[in-house]
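Below is one structure, written out as structure tokens; the observations come after it.
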Amino acid sequence: MVFSLTYLAIITCILKAFSAEAKNVFVYLSASPKTESFASQNYPRNYPNNASTVWMITSSTSDQVELKLLGFDTEKDFDIVQIRDGDSLESMLLATFHGREVDTNSIVSSRRKLLVSFTTDGSVSYRGFNISYRTVLFTDIKITSFIHSGLVDTCVTSDVINDSNITRTVSFLHILPEKALISYFSIKINNTYIPGRLMTKHSLPTIYEDHPVHQLKKKTHPESGEVLRKFEMIYRMQPNTGIQFKLKYSHVLFRSQSRYLYKGIFLRENLVNSLIADVYVCTNVNTKFLRTPTPSIFSEMDILHGTVLEKKGNFSHITFRSVGKHNNPLWKSEIYVEYDTERTAESGCVFVDERGYFIHKFSPNLPALPRKVIFVLDISGSMAGRKIQQVRSAVSNILQTLGNKDSFNIVLFESVARVWKTDVGLVRATAGNLISARRYISAIDPEGATNINEAIVTALDLLQRDNKEDSSKVNPFLDFIIFLTDGQPTVGARSTDVILKNVEKKNNQGYGIIAIGFGKHVDSGFLQELAKKNKGIWGHISEKADASIQIQKFLTKTLIAPILFDVKLTYRPNIATLSTKLFHSVLRRGGEIVVAGKIEGTSRMPATGDIVSLIATGKTDKDKKNMTYELEVCPIQDCVIPDATEDKKENLAERFYAILRLRDISRYMRSTLTAEEKKNYRREATELSIRYSLVTNMTILIVEKNNSRLPTHVQPRSPNFPGLPVNSGDVLPWIFEGDPHFIVRLNQKIKVCFTLGGIPNKVYRILHDSKLGVTVNGFIVRAPPSGLTDEIHKTNFPNKAPETYFQRLSFIFTRVKLSFLVSPHNVTIVNNTNTKKSHEYTIDASDDFFLLNEIEIKFSIYGVGKMYSYVNLTLPEKVTFIVKLHRTRDQVLLNHTEHREDHLDMEVDGAQHLSKQISGIFGDIASTSLHSSWQNPKILKHEKQFILFYRNQQTKVHKAFLHNPMKRHSYVPCWHVCDSRILTGKPVSSYLVPDLLNTGS
């Protein structure tokens, strides 16, 4: 049984034909647990004009109806689809779609009926749409989080019952907090557990080494723009079965802004019948405050309101309930808990357990250091409308967070840079100046182009003018620029490399730059480099979401005032012989430094009431500061937790240390280290991962059943592409970029490659296996290098012939009467089971991942229309055709000789399972190397050249090293054969066929 962390959808091609002449159509459909679909008239060909179609979908059971758009392309604003919650055109409107950019989330009715209407005008028409529908599958989710001293242990269970008589696909989906480490995952099917087992990568059996293991996916939060880490598990439920997924993970909360904030985000692929979350908070000292924030503080998402069931001393219990069948968009819910603890002494306690493991949190009471900040805001024409309103609101609110010791100024830029206060470098953040600044921002009117270079240089001039008396005291945490733009430079210095050099030259004193990209047209690479080279950070604000809230959240966190720099902690006597890091670059107001470790090598273990001296060394804005604190040794407090949590963890301080140490190692591994240092860190990380059952980049989690073990989760792993089997057979054919280029293994030692050199706009037979009932044809087109026109090509490359390549491939399976037509932009499935009329179903760029294995052929497609996408077609005989849909970028460079045309690359996995009855370009070579008695191939060196002896012939060959398009950063060594006839035994022209769907042998 194979488990895969990939988003799957089961599609069944049930095509409903409409008459091309029909102008007003009313269709009745019955929804069942089985996924079915309907499409606009003539789909995938253009729909008719001046037409009206209504689909009435009624659930065959008492369940609600779920719709999902699989493909959508209509004339924007004129050809409109409306979905209504009921059985008439007057029912409540759930959604309206037109154009191409539509919501791909499911739409669910609140009753048994749902109505879809499509009206078109009298002019332009497009491909239309395809929509799947079925009755809803509900799930019950329970989350239990136990927070002890900042360490969070979470258990998530999801229960689903498939009470229908068909197989259903169910997904388990959960968002992990940043830096969270998975510790357990299991599946329970009808009271039978399938537990996960943690293994190190080096101990993984060979059969798993090349299996495509899917990483934790990252997804951008639609409301906040935050990048989320998504754990996903897909399972196909048999009829009348129940399934339970269980996931456990741990992470650490760090104090910020004088509080600890716990956040849970729940994305729901299936509809939720009930969502219950219980959060238990246990602290080593009494809780100062505890609350569940209101939605207005954070975002516009569906935030579940918590109820505090218990709050006593150092223990609290908060519960969240969302019960009842919801029909709102599926990734909606968040929960929040924030709290802080009493701090009787700023030095705090060192909490030590009976085994010598300790936790210490250092949070001194020091004044905030004054900051100098320049706001550099883009007000070019592209910022007009909603964008500038959101920036005005966000910056006006952020100005209020400045202290009266802080200084600031404002630079607005379009074609030129404008300075708010021109007579001075910066002004103090007094009440009067803040009011004046807010008025100035509220009056800005976007216009002009984008002069980024002048804006940043002007801001640096202001900082230097203010610091001219003592520039040696510049600190990037205190003296910095906040730079916000929604585009790329269009006037002034337009090269980002030139801008970076100008800023580097100007910023020789080391001011910090915080770079914020707003919207989808920013140059993220430039902003990252700008921040990195100027000791700052960068962030991205989503244009579609509430950007004002996003900007405020980002800047609020960024502008937390520092209180100490270059902090080093030393304990006397030296209890921290084994500890997490003791040096930190900055400590901000309301934050803390957390140290965990184990006391070793001492004559006596510190006991409760003992005193430990802490020497904290750091810098303020002017001077070095040494502070000594007397710390009391305190025991780690126990909490009485209800049995229902079943997740109380022993050895709290030990696990706390392990998780923080793994976090430190991950940070160290990103630094410049020697090979020996990296080896030692990897070994330590592996030992900690196994000892404490934590999934890291050194380990992998295996789900086992019936002695069949396959990887289901790893984070992270070397790059691999989803949907791509890489465990190939003895014969490995590829079609490479550029001229159709094959590579074949003639025996265990010799790989040869050759160029087809076919005629453009002709179809060639690549493979035909009459016994297995499969035919593969390829359509070849011509293009000069870089996608240039013939005229430009002849002028710039007079000696280089235009390239040819495969732009379309057809896979015809006669046994099941299905054909698959693959292009770089879509896949069309042709169903010929009806002798009178064939049906077609097209999967285009609006789709993500599909799997069709209800029939003899297993078909999966990943990421159509994206940069990396694959189509897999697998026969029961273990032969898989793997096609990479290679799309190119839009730019054209005259001096770039690689072609930039969309094309296809193909690999055959398991070619040794093909029958002896094969022909075609690859078929003839495979039959020779696998199924015949031709002489063994040999390559001999004669004088200064190499000769291939094969098929009782000989030809010159030379060494080649070809890029493998099926694997990133991978190359294949081979012997290049100039004359392919020695390999196939036939001229290329003998493989011509009339069309892509031709199956004649």
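Considered as a group, the residues in the range 416-466 that are closer than 25 Å to S380 by Cβ and either polar (S, T, N, Q) or touching a Pro at 6+ places or on another chain (Cβ under 6 Å) (or both) include one that is most open to solvent (accessible area, probe 1.4 Å), and that residue is T422. For the range 35-78, a tally of residues being closer than 21 Å to E840 by Cβ, of a type outside the set (F, W, Y) and within 35 Å of the chain's Cα centre (by Cα) returns 14. Exactly one residue among F118, F72, F38 is in a strand (DSSP E or B) and either modelled with pLDDT under 90 or at positive phi (or both), and that residue is F72. In the range 570-583, the residues that are assigned to a loop (DSSP other than H, G, I, E, B) form Cβ pairs under 7 Å with partners that are of a type in the set (S, T, Y) and modelled with pLDDT of 85 or more, at six or more places apart or across chains, as follows: T580/Y657. Within the range 605-633, the set of residues being within 44 Å of the chain's Cα centre (by Cα), charged (D, E, K, R) and in a strand (DSSP E or B) comprises K619, K624, K625. Residues in the range 447-486 that are more than 22 Å from V586 (Cβ to Cβ) and among the hydroxyl-bearing types (S, T, Y): T450, T458, T485. Within the range 933-949, the set of residues being modelled with pLDDT of 70 or more and either open to solvent by 50 Å² or more (accessible area, probe 1.4 Å) or more than 48 Å from the chain's Cα centre (by Cα) (or both) comprises N936, K938, L940, K941, H942, E943, K944, Q945, F946, I947, F949. Return yes or no: is R100 within 22 Å of I843 (Cβ to Cβ), of a type outside the set (V, I, T), open to solvent by 10 Å² or more (accessible area, probe 1.4 Å) and part of a loop (DSSP other than H, G, I, E, B)? Yes: the conditions hold for R100.
Scanning the range 253-265 for residues that are in a strand (DSSP E or B) and open to solvent by less than 20 Å² (accessible area, probe 1.4 Å) gives Y260, Y262, G264, I265. Residues that are of a type in the set (D, E) and out of contact with any strand residue (DSSP E or B) (no Cβ under 8 Å at 6 or more places or on another chain) within the range 34-83 comprise E75, D77, listed in sequence order.
The sole residue among D140, D63, D153 that is part of a loop (DSSP other than H, G, I, E, B) and touching a Ser or Thr at 6+ places or on another chain (Cβ under 7 Å) is D63.
Restricting to the range 509-524, name every residue that is open to solvent by 10 Å² or more (accessible area, probe 1.4 Å) and touching a helix residue (DSSP H, G or I) at 6+ places or on another chain (Cβ under 8 Å). Answer for the range 509-524, where residues must be open to solvent by 10 Å² or more (accessible area, probe 1.4 Å) and touching a helix residue (DSSP H, G or I) at 6+ places or on another chain (Cβ under 8 Å): Q509, I514, H521, D523.
Within the range 161-184, being closer than 25 Å to N240 by Cβ and either in a strand (DSSP E or B) or not aliphatic (A, V, I, L, M) (or both) holds for I161, N162, D163, S164, N165, T167, R168, T169, V170, S171, F172, L173.
Taken residue by residue, the range 264-278 has at least one member that is in contact with a helix residue (DSSP H, G or I) (Cβ under 8 Å, 6 or more places away or on another chain) and at pLDDT 75 or above.
For the condition assigned to a loop (DSSP other than H, G, I, E, B) and over 20 Å from N273 (Cα atoms), L89 qualifies.
Within the range 477-508, the set of residues being touching a residue at least 60 places away in the same chain (Cβ under 8 Å) and open to solvent by less than 40 Å² (accessible area, probe 1.4 Å) comprises L478, D479, F480, I481, I482, F483, L484, T485, D486, G487. The residue list S132, S88, S117 contains one member that is without any contact (Cβ under 8 Å) to a residue 60 or more places away in the chain, over 23 Å from S333 (Cβ atoms), open to solvent by less than 50 Å² (accessible area, probe 1.4 Å) and not basic (K, R), which is S88. Taken over the range 44-54, the residue count meeting the criterion of being assigned to a strand (DSSP E or B) and crowded, with 21+ Cβ neighbours inside 10 Å is 1. Note on the range 912-932: among residues that are modelled with pLDDT of 55 or more, open to solvent by 10 Å² or more (accessible area, probe 1.4 Å) and part of a helix (DSSP H, G or I), the one that is farthest from T984 (Cα to Cα) is H913. Scan the range 237-245 and tell me whether some residue there is under 20 Å from the mean Cα position of the chain (by Cα), modelled with pLDDT of 80 or more and not hydroxyl-bearing (S, T, Y). The answer is no; no qualifying residue exists. Taking the numbered list (1) surrounded by fewer than 15 Cβ atoms within 10 Å (Cβ to Cβ); (2) closer than 17 Å to L114 by Cβ in turn, K34 passes all entries but (1). The condition of being closer than 30 Å to T696 by Cβ and either polar (S, T, N, Q) or at pLDDT 90 or above (or both) does not hold for S106. Criterion first (open to solvent by 70 Å² or more (accessible area, probe 1.4 Å), modelled with pLDDT under 85 and under 21 Å from H741 (Cβ atoms)) does K986 satisfy it? So K986 passes the test. Do we have S145 as in a strand (DSSP E or B) and surrounded by 20 or more Cβ atoms within 10 Å (Cβ to Cβ) here? Answer is yes for this residue.
When the range 745-783 is limited to residues that are open to solvent by 50 Å² or more (accessible area, probe 1.4 Å) and at pLDDT 85 or above, the one that is nearest to D995 (Cα to Cα) turns out to be K762.
The values are calculated or read from the model by the stated rules, or taken from the named source; none is laboratory data. Here the structure is a predicted model, which is why all the values come from computation and not from measurement. Neighbour counts run over all protein chains shown; Cβ positions are idealised from the backbone, glycine included. Surface accessibility is based on the protein's heavy atoms, side chains included, excluding ligands, DNA and RNA. Shrake-Rupley method; radii C 1.70, N 1.55, O 1.52, S 1.80 Å.
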